[in-house]
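A short write-up of the structure that comes next.
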């Protein structure tokens, strides 16, 4: 702790020993970062070899759920949250599959310039 306080005081950075210690710590940090990167890539490669695929699973809705979502949307008596709860989907998935099928709104959208 005393060494770090001495290094951060400003006077050690210009001295040869201060520069040596600074570069030593920096090279150790860089070495550790490279080890982590290598281990991560090796783990991902091993998982791929076992047939595992990383990433978020796709949010596919079957056609029956899509029809049900559109029917509930056109009915107009359910909120988006209720439709999502009924179908067991998230809000983003709902909007992804029902985009462009919303009932016509009574007021026109504002004009853009």
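Some notes on this structure:
- Within the range 63-79, the residues that satisfy the criterion of being in a loop (DSSP other than H, G, I, E, B) and within 16 Å of residue 91 (Cα to Cα) are 78, 79.
- Conditions (1) under 21 Å from residue 90 (Cβ atoms); (2) at pLDDT 90 or above: number failed by residue 31: (1)
- In the range 90-113, the residues that are touching a helix residue (DSSP H, G or I) at 6+ places or on another chain (Cβ under 7 Å) and at pLDDT 85 or above: 90, 91, 94
The values are calculated or read from the model by the stated rules, or taken from the named source; none is laboratory data. Just so it is clear, the model here is predicted, and its values are computed rather than measured. In this analysis, Cβ positions are derived from the backbone assuming ideal geometry, glycine residues included, and neighbour counts consider all displayed protein chains.
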